[in-house]
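Visitor: What follows is a structure written as structure tokens; I'll ask about it next.
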Amino acid sequence: MCIAGTASFGSCSDYLDVSSELTDNLTIDGVFENSSYTKRWHGNIFNCIIEYSKNASSADAMSNPWSAISGELVCNFARNIMVTGYTPANAGYHRWATQYQYIRQALIFLERVHPIGDASSGSSRLSEQDVLRMKDEAKFLIAYSYFTLLELYGSVPLVTDVASPEDQGIDYARAPMDDIINYIDGLLVEVIAADNLAATIRTSTGTYNTGEMVRPTKVTAYALRAKLWVYAASKLFNGGFPEGLSIENRDGTRLFPDYDANKWQIAKQRLEDFLNFAHANGHKLHEEFYTSGPNANELNPHESVYQVFQKYNDEIIWATAYNDYSNPNNQERRSNPVNLYASPTNFANICISQESVDAFFMNNGTAIYDAGSGYHEDGFTTVSNPTHVNNHADENIYNMYANREPRFYAAVSYNGKSWHIHANEHNNPNGIFYQWFGRGKPSGIAGGENWPRSGYLFYKFKNRRIAQGITSINVAGAPGTPFTVYTSWARPSILFRLADFYLYYAEVLNEIDPSDPRIIEYIDKVRDRAGISGYANMQATGVKTGVIGNKEAQFKAIVQERHVELLGEGQRWFDMRRWMICDPIPTNQIDKGGVDGDITRISGMYMNGFDNIPYKLSDGSNTTTKPLGDPDSYYQRTSLENRRWAKEYYWYPVPQNEINKSRGHLLVQNPLWPVVIEAME
């Protein structure tokens, strides 16, 4: 209700250029004397929420371009911004004006909302308890909006009053970063202490009040507070960017703080506050179990890592209902093979980079370049496809994709992988649909740029009963078992989930005391659910040693685990920046396996190359094939983009139009970005 409740009032172009909040025939007093209008005003504030599940060519500032910009995914729009670079004047994906608009809306709400009617007023009533809850939700959303500004820009103006739209002299200086952090923290403390929000949408019987999933709860407030302090303690935010330490306002106020080791202790305490509250209210990592056969009642990791995104579950701390199966510009359609359905058209251009493919572990828990991992690229094999309804065995699969962990098969569409449901759904007379991406193959290079440039497609989040554009309702599943298919699926769009915070906790503990056994305990919780051996077990069995207790090795383990576990969830761009690991790395120093964040390296398979499997064309002839090692072979790592990275990119630039509006008076630019002041008429 809230996320969809966009107000009908004329919107502000941004906070500093306000003309009117209202239409001509509705006064602000009229809004707050009417419960329906008041709720709509309140509902519009929820549009400040960033939809990180939206990875697509339609991604914008309020969704998730960051997975592609970071290089974990490969999409055309990200190539444009990262190959040519950006400036304060042309950088896309700004949140600045948008979030200040919603902050203003929330401040007006807090100033004016009041109870309306009494017990006899029926549905037109707005009770005192309603008002208290809505006010705390507004406070939470102000805190959240400031956090989304903080994580992108660092220090920003701290606006706590409602200025007059007619004031032509509106100009705000940026507040010191510590002031922003403390302001956000103070709002969240108020919300938690007031106890007007539900503890969680999880009920005591283990069900979920999903009709209100987007509304903040106490566990959501605890989570945001914990995440805030993890960021506050991290290198970029905590004195680790020397060029930022000299940035001052016009009055000499410093904006970026010196290093403060105590922030790690605060982050630890805030994470423990959150984890204790979440666990006490029934939150835990989502797990699925085999229901029959020799593994009955044992963990089913393939289903676990799949189902966590398909239904509301105990791992979810906060989510919205966003997903879109019909829009051809959105994630679901743009990650389907181009030839999968006769109709509607697929654009097949949300891909995974080779760097992300290499980051996934082997099924024994080792990284692909670890000694004894069993990883090799010297031939082809048969791979049991756990994403297929019949657990179909795929033949002629490159050894690169064999014996990988469950999260790999849940996230990556690779050459030769069969689709998850039977192919009468795909106009395939052979009953199975395969994705073949090599030159001349039907899932490969297509018209324009709407094809998988990296040789992979993004498979994570897909519901395996979806058959878009198909009218039949049942197809063959396991022998003798009907299998219902759908054209859409109401999966939650997860904003916060427990696995993310387990890895934050391990990271913070590692900074404080690398010998703390909870570091490996919490990394291994995530790995255990994913069905791979944890570091404690690998140490005990001698499979992999030298990680436990070693600060640098544990940090790299956390970096790689976050890359794999959170792939496509919009976190890696912010992780790499706060860790400050984006800088180019000499080729002979690359830490392979996707650990380092060198943002200039984006590669994939050779899409102009031929694979090893003949394919019969419509004229009866076969496609060309090439063996491994041939210069025209599909199976070779190929650079896709020569991306730019400049040190100033660690902080996103303050939008040039905001600098212009300040006319050089109060608003200053982020470190290393050029300072240009163009007076606006």
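Every number here is computed from the coordinates shown, using simple stated rules; none is lab data. The structure presented is a predicted model; accordingly, all values stated were derived computationally and were not measured. Here the Cβ is made from the backbone with ideal geometry for all residues, glycine too, and neighbour counts use every protein chain on show.
Visitor: Which FRET efficiency value, to the nearest 0.05, do you get for His376 and Phe289 by plugging their Cβ-Cβ distance into 1/(1 + (r/R0)^6) with R0 = 30 Å?
Guide: Details: r = 33 Å, r/R0 = 1.08.
In this case the efficiency is close to 0.40.
Visitor: Still on this structure, I have one more. In µm²/s, what is D for the stretch 605-681 at 4 °C and 1.567 mPa s, where D = kT/(6 pi eta Rh) by Stokes-Einstein and Rh is the Kirkwood radius from Cα pairs?
Guide: Translational diffusion coefficient: 75 µm²/s.
Visitor: For every helix of n ≥ 4 consecutive DSSP H residues, a contribution of -39,500 (n - 2.57) applies; sum these over the chain, divide by its total residues, and give [θ] at 222 nm rounded to the nearest 500 deg cm²/dmol.
Guide: -9500 deg cm²/dmol
Visitor: Using the crude model of +1 on Lys and Arg Cβ and -1 on Asp and Glu Cβ, and no other charge, please compute the dipole size for the chain relative to its Cα centre, in debye to 20.
Guide: Dipole magnitude for the chain comes out near 1340 debye.
Visitor: Full-extension gain between Val83 and Glu395, please, as 0.36 nm times their residue separation minus the C-alpha to C-alpha distance.
Guide: Residue separation times 0.36 nm, minus the Cα-Cα distance, leaves 108.6 nm.
Visitor: 5 Å is the cut-off here: which amide hydrogens, built 1.01 Å from N in the peptide plane, fall below it relative to Tyr208, excluding neighbours closer than 5 in sequence?
Guide: Result for Tyr208 returns Thr203.
Visitor: Tell me the volume per residue, in Å³, of the convex hull enclosing the alpha carbons of the stretch 33-94.
Guide: Taking only Cα atoms, the stretch 33-94 has a hull volume of 97 Å³ per residue.
Visitor: Under a crude label model (7 Å from the Cα following the beta-carbon direction), how far is Thr624 from Thr600 in nanometres?
Guide: 3.3
Visitor: So, in nm, how far is label Ala280 from label Ser384 when the simple model puts each one 7 Å beyond its Cα toward the Cβ?
Guide: 4.3
Visitor: Taking θ as phi - 60°, what are the ³J(HN,Hα) couplings along the stretch 309-326 by the Karplus curve (6.51, -1.76, 1.60), each to the nearest whole Hz, with x for Gly and Pro?
Guide: Using θ = phi - 60°, the values come out as 9, 9, 8, 5, 8, 5, 6, 6, 9, 7, 8, 10, 9, 5, 6, 8, 9, 9 Hz.
Visitor: Out of Gln99, Trp673, Ile494, whose Cα points farthest toward the positive end of the dipole of the chain (charges: +1 Lys, Arg; -1 Asp, Glu; placed on Cβ)?
Guide: Farthest towards the positive pole: Ile494.
Visitor: Note down the magnitude of the dipole of the stretch 518-566 about its Cα centre, charges +1 on Lys and Arg C-beta and -1 on Asp and Glu C-beta and zero elsewhere, to the nearest 20 debye.
Guide: In total the dipole reaches around 40 debye.
Visitor: Multiply the residue separation of Lys616 and Asp258 by 0.36 nm, subtract the distance between their alpha-carbon atoms, and state the gained length in nm to one decimal.
Guide: 122.4 nm
Visitor: Further, regarding this structure: Toward the positive end of the charge dipole of the stretch 178-220, about the Cα centre and with charges on Cβ (Lys, Arg +1; Asp, Glu -1), which of Ser204, Ile181, Val219 goes farthest?
Guide: With unit charges placed on the Cβ atoms, the residue in question is Ser204.
Visitor: Taking θ = phi - 60°, what integer Hz values does the Karplus form 6.51 cos²θ - 1.76 cosθ + 1.60 yield along the stretch 405-417, in sequence order, with x for Gly and Pro?
Guide: Computed from phi, the couplings for the stretch 405-417 are 6, x, 5, 5, 5, 7, 10, 10, 9, 10, 4, x, 6 Hz.
Visitor: Figure the gain on full extension for Asp632 and Asn209 (residue separation times 0.36 nm, minus the Cα-Cα span) and round it to one decimal in nm.
Guide: Between Asp632 and Asn209, full extension yields 146.8 nm more.
Visitor: With a 10 Å Cβ neighbour count serving as the proxy for reagent exposure, in which order, fewest first, do Met62, Met134 appear?
Guide: Fewest to most other Cβ atoms nearby, the residues stand as Met62, Met134.
Visitor: Let me ask something else. With 10 angstrom as the radius, rank Thr624, Thr27 by how many other C-beta atoms surround their C-beta, starting from the fewest. Let's see the in-between values first.
Guide: Details: Thr624 14, Thr27 11.
By the 10 Å Cβ count, ascending, the order reads Thr27, Thr624.
Visitor: For Ser603, which sequence-distant residues (separation of 5 or more, or a different chain) have an amide H within less than 5 Å of its own amide H, given hydrogens modelled in the peptide plane?
Guide: Result for Ser603 returns Gln354, Glu355, Leu640.
Visitor: When a/c is below 1.5 the answer is rounded, else prolate if a/b is larger than b/c, else oblate, so apply that to the stretch 292-421 with a ≥ b ≥ c taken from the square roots of the Cα gyration tensor eigenvalues. List each step's numbers first, then the result.
Guide: Working: a/c = 1.62, a/b = 1.23, b/c = 1.32.
Oblate, since a/c reaches 1.5 and b/c is not below a/b.
Visitor: For Ala540 and Asn249, what does the FRET efficiency come to when R0 = 41 Å and r is the distance between their Cβ atoms, rounded to the nearest 0.05?
Guide: On the way: r = 55 Å, r/R0 = 1.34.
Efficiency, rounded to the nearest 0.05: 0.15.
Visitor: Positive end of the charge dipole of the chain (Lys, Arg +1 and Asp, Glu -1 on Cβ, about the Cα centre): tell me which of Trp264, Thr600, Val31 has its Cα farthest that way.
Guide: Of the candidates, Thr600 comes out farthest on the positive side.
Visitor: In degrees between 0 and 90, to the nearest 10, how far off the longest principal axis of the chain does helix 498-512 point, with axes built from Cα atoms?
Guide: Once rounded, the angle reads 80 degrees.
Visitor: Taking other Cβ within 10 Å of each residue's Cβ, how do Lys39, Lys616 sort, fewest first?
Guide: Ranking Lys39, Lys616 by Cβ neighbours within 10 Å, fewest first, gives Lys616, Lys39.
Visitor: Place the peptides 528-534, 202-208, 439-445, 457-463 in order of packing, highest mean first, counting for every residue the other Cβ atoms within 10 Å and averaging per peptide.
Guide: My ranking of the peptides, most packed first, is 457-463, 528-534, 439-445, 202-208.
Visitor: Run through the DSSP bridge list for the chain and note the antiparallel percent, rounded to the nearest 5. Please report the intermediate quantities before stating the final value.
Guide: Working: 27 of 29 bridges.
Close to 95 percent.
Visitor: I would also like to ask the following. Note down the nm distance, to one decimal, between modelled labels 7 Å out along Cα→Cβ at Asn90 and at Asp60.
Guide: That separation, rounded to one decimal, is 2.1 nm.
Visitor: Using Stokes-Einstein with the Kirkwood hydrodynamic radius over Cα pairs, what translational diffusion coefficient do you get for the stretch 545-584 at 4 °C and a viscosity of 1.567 mPa s, in µm²/s rounded to a whole number?
Guide: Stokes-Einstein gives a translational diffusion coefficient of 118 µm²/s.
Visitor: Check Glu315: other-chain or 5+ apart residues with amide H under 5 Å from its amide H, H built from backbone geometry?
Guide: Long-range HN contacts for Glu315: Lys284, His286.
Visitor: If you don't mind, there's one more thing I want to ask. Could you point to the label whose value was computed as Rg/Rh (Cα atoms, Kirkwood Rh) for the structure here, given (1) 0.97; (2) 1.01; (3) 1.32?
Guide: Calculated Rg/Rh (Cα atoms, Kirkwood Rh): the matching label is (1).
Visitor: In debye to the nearest 20, how big a dipole does the stretch 18-97 give about its Cα centre with +1 on each Lys and Arg Cβ and -1 on each Asp and Glu Cβ? Spell out each step's value before the answer.
Guide: Values: 5 positive and 7 negative charges, 66 e Å.
So the magnitude is around 320 debye.
Visitor: Tell me, what is the FRET efficiency for Glu521 and Ile677 to the nearest 0.05, using R0 = 41 angstrom and their Cβ-Cβ distance as r? Present the calculation step by step, with values, prior to reporting the outcome.
Guide: Numbers: r = 53 Å, r/R0 = 1.28.
Efficiency at R0 = 41 Å is approximately 0.20.
Visitor: Please pull out the direction-averaged projected area of the stretch 326-378, using the convex hull of its alpha-carbon atoms, in nm² to one decimal place.
Guide: Computed as one quarter of the Cα hull surface, the answer is 5.4 nm².
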